[in-house]
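Bear in mind that the values in this text are calculations on the coordinates, not laboratory data. This is a predicted model, so every value here is computed, not measured. Every residue, glycine as well, gets a Cβ built from its backbone with ideal geometry; the counts of neighbours run over all protein chains shown.
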Amino acid sequence: MRQPSECVGLVLALPRRKHLAYHCIRRTARVVVSIRAVKWAFSVKTEPVNKLILVAIGESHNDKTGDCYPSQKYIEVIVGLSARSIRPRLKALEKDGFITRKPRYDTNGKRTSDGYVLHFGVTEARLPEEGASASLKAEPWKSANISRATWFSTSEGV
């Protein structure tokens, strides 16, 4: 068990096993929570579980830098769902226009937590325009004839 001075709080999680587990939320050098992002997440019109996922992402948002890098494990602990249940909901939130995910890699080329861009101007799910296919709405880089990685590496993406 971690020392109490290392923990900001304990979150009760119900793992697949029959016993309860307490996950420690570690104290970092400076915890910055974006009240603006959390308020926006509560104002969004979507399913309650999706709203809770947005709140978990919003808690990790830094207003000064715009950085937002919560791991799926962190979202899993906060929301209380498995990572397998969270992934399709993240895709739905991205398709609806609330967030944009940017995959990140470490120096060895291994995936790390995704970067998230919160679209504060969006409070309701986007409806596809007439004549536009739904796949182009969810994957706009296809209409530009570039790869997904190039789309997210340029500032023109979002």
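Hey, which of these cross-link pairs are over 20 Å Cα-Cα: K39/K64; K73/K110; K51/K95; K51/K73; K45/K102? Can you show the working numbers first?
Numbers: K39/K64 16 Å; K73/K110 16 Å; K51/K95 15 Å; K51/K73 17 Å; K45/K102 23 Å.
The pairs that break the limit, which is 20 Å between Cα atoms, are K45/K102.
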Give me the one-decimal nm value for the distance between modelled label points at E47 and A125, 7 Å along each residue's Cα-to-Cβ direction.
0.9
Full-extension gain in nm, K110 to S85, via 0.36 nm per residue minus C-alpha separation:
6.8 nm
